[in-house]
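Everything on this sheet refers to the single structure shown next.
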Amino acid sequence: MNKIMLYCRQGFEKEMAAEIKDKAAALGIVGFACVIENSAYVIFECYQPSDADFLAQKLAVNDLIFARQLVVVADLLDALSPEDRITPILNAYKQLPVPFHFAKSTEIWVESADTNAAKSLLKFCRKFTVPLRQALRKAGALQIVASQGVTLHVFFLQNNACYIGYSYNQRHSPHFMGIQRLRFPEMAPSRSTLKLEEAILTFFSPEEEKQRFNENQIGVDLGACPGGWTYQLIKRGVFVYAVDHGRLANSLFETGRVEHCCEDGFKFRPPKGKSVNWLVCDMVEKPSRIANLIVKWFVNGWTREAIFNLKLPMKKRYQEIQRCLESITKQLREAGLLFQIQAKQLYHDREEITVYIGLK
């Protein structure tokens, strides 16, 4: 098995391919990416068979910006008979080069691509999961031991063609298809609220979330209107200065934990005597301009942590993101700051990525 499959957002296959080639090269792995436009996945084929497993152990999904999931896969199984798809899949798993994967497997996910064309396959995948799981258990391929070992994956391109593989539980996304499904809160002013909620759940464990977001924290939301991101901070007890010339939803003021500042987000300064813990920003602007704005807040000591979105250009999206992240890193280091930075294209993002920065 010398291939890894990376799930991604439809339309971002080229960016995913460029990123995995860079990450693999940094680890000394040579290979090439197979890209099918709008397929919502990329296959990266390594020249050495053991390199795919090495990448799966070394790279966590959250280390990659555009990846939703990372799975070591075998060659495509095609022309599967509708009368018996299970036997070829079982035989393929029995040929795994590392036998202990069977002994430590905890679950089987039968998935397909996150595209409109593949949505009809999901119903088939759900129905197929039960008999496949039963057959795998009977063959001794699944052990119900929570949070240990690997997860088995079957990724259908069509109902008669699939990739079989595995991901490491400590390195993969814990969500089916790599998608964290969230329910829209009825009290939230806009659907953009789901972007910040997903970011918080992605970047922090439940314990870290409680430490970072509470009634002792002060936050600033730049470009807050109508208040979707402000809602997520208020919900967690944070007092928020919501900065925007536009109107905020009236429901936000019922908490008593928001002050509307009718100002330009690029010109706003934190109130004197107030120590800001959180800066959040989802303004529609050039990514380089937002990057420089965020840097200014850190360099001036106005915030300790930030979550913000960088809107992507139509072309050379990966290159633009690399330039922005490199610029942010360089400027913060030159300012003598110790920090951590993480970037991710979330499920609820569209033509954008979400970035977290926190001072150490």
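The values are calculated or read from the model by the stated rules, or taken from the named source; none is laboratory data. Since the model is a prediction, treat every value here as computed from it, not as a measurement. Cβ: placed from backbone, ideal geometry, glycine included. Neighbour counts: every protein chain shown. Ligands, DNA and RNA are stripped out before the accessible areas are found, and what is left, the full protein with its side chains, is counted by its heavy atoms. Shrake-Rupley method; radii C 1.70, N 1.55, O 1.52, S 1.80 Å.
Answer yes if at least one residue in segment 8-21 is assigned to a strand (DSSP E or B), touching a Lys or Arg at 6+ places or on another chain (Cβ under 8 Å) and either within 19 Å of Met177 (Cβ to Cβ) or open to solvent by 30 Å² or more (accessible area, probe 1.4 Å) (or both), and no otherwise. Checking segment 8-21: not a single residue is assigned to a strand (DSSP E or B), touching a Lys or Arg at 6+ places or on another chain (Cβ under 8 Å) and either within 19 Å of Met177 (Cβ to Cβ) or open to solvent by 30 Å² or more (accessible area, probe 1.4 Å) (or both). Quick check on segment 86-135: of everything there that is of a type in the set (Gly, Ala, Ser) and modelled with pLDDT of 85 or more, which residue is surrounded by the fewest Cβ atoms within 10 Å (Cβ to Cβ)? Restricting to residues being of a type in the set (Gly, Ala, Ser) and modelled with pLDDT of 85 or more, the top hit is Ser120. Note on segment 52-71: residues that are touching a strand residue (DSSP E or B) at 6+ places or on another chain (Cβ under 7 Å) and more than 22 Å from Gln345 (Cβ to Cβ) total 3.
Among the residues of segment 297-311, how many are more than 23 Å from the chain's Cα centre (by Cα) and surrounded by 14 or more Cβ atoms within 10 Å (Cβ to Cβ)?
We begin by selecting, within segment 297-311, every residue more than 23 Å from the chain's Cα centre (by Cα); these are 297-303.
Imposing the further condition that a residue be surrounded by 14 or more Cβ atoms within 10 Å (Cβ to Cβ) reduces the set to 297-299, 302-303.
Residues in segment 297-311 being more than 23 Å from the chain's Cα centre (by Cα) and surrounded by 14 or more Cβ atoms within 10 Å (Cβ to Cβ): 5 in total.
Within segment 48-66, one or more residues are open to solvent by less than 30 Å² (accessible area, probe 1.4 Å) and within 24 Å of Thr129 (Cβ to Cβ). Check whether at least one residue in segment 334-355 is small (Gly, Ala, Ser), touching a strand residue (DSSP E or B) at 6+ places or on another chain (Cβ under 8 Å) and assigned to a helix (DSSP H, G or I), and report yes or no. No: segment 334-355 contains no residue that is small (Gly, Ala, Ser), touching a strand residue (DSSP E or B) at 6+ places or on another chain (Cβ under 8 Å) and assigned to a helix (DSSP H, G or I). Pairs are defined by a Cβ separation below 6 Å, a sequence spacing of at least 6 or placement on different chains, a first member in segment 250-261 that is under 17 Å from Ile218 (Cβ atoms), and a second member that is aliphatic (A, V, I, L, M) and part of a loop (DSSP other than H, G, I, E, B); the pairs so defined are His260/Leu248.
Inspect all residues belonging to segment 279-294 and state whether any of them is over 30 Å from Glu334 (Cβ atoms) and open to solvent by 50 Å² or more (accessible area, probe 1.4 Å). It would help to see each step written out before you state the result.
To start, the set of residues in segment 279-294 that are over 30 Å from Glu334 (Cβ atoms) comprises none.
Within segment 279-294, none of the residues are over 30 Å from Glu334 (Cβ atoms) and open to solvent by 50 Å² or more (accessible area, probe 1.4 Å).
Consider Glu334 carefully, then state whether it is open to solvent by 10 Å² or more (accessible area, probe 1.4 Å) and without any contact (Cβ under 8 Å) to a residue 24 or more places away in the chain. Considered against the rule, which asks whether it is open to solvent by 10 Å² or more (accessible area, probe 1.4 Å) and without any contact (Cβ under 8 Å) to a residue 24 or more places away in the chain, Glu334 comes out as yes.
Restricting attention to segment 323-360, the residues that are closer than 17 Å to Cys8 by Cβ and of a type in the set (Val, Ile, Thr) total 2. Taken over segment 349-360, residues that are closer than 14 Å to Asp282 by Cα and either open to solvent by less than 40 Å² (accessible area, probe 1.4 Å) or over 23 Å from the mean Cα position of the chain (by Cα) (or both) amount to 6. Looking at segment 24-43, which of its residues are under 19 Å from the mean Cα position of the chain (by Cα) and buried (at least 18 other Cβ atoms within 10 Å of the Cβ)? Selection gives Ala24, Ser39, Ala40, Tyr41, Val42, Ile43. Taking the numbered list (1) at pLDDT 95 or above; (2) open to solvent by 10 Å² or more (accessible area, probe 1.4 Å); (3) of a type in the set (A, V, I, L, M); (4) assigned to a loop (DSSP other than H, G, I, E, B) in turn, Met314 passes all entries but (1). Under the condition of being modelled with pLDDT of 95 or more and surrounded by fewer than 22 Cβ atoms within 10 Å (Cβ to Cβ), the residues counted in segment 136-157 number 1. Looking only at segment 237-251, residues that are in contact with a strand residue (DSSP E or B) (Cβ under 9 Å, 6 or more places away or on another chain) and over 11 Å from Ser190 (Cβ atoms) come to 8 in all. Modelled with pLDDT under 95 and open to solvent by 50 Å² or more (accessible area, probe 1.4 Å), is that true of Ser275? Taking the combined requirement at face value, the residue satisfies it.
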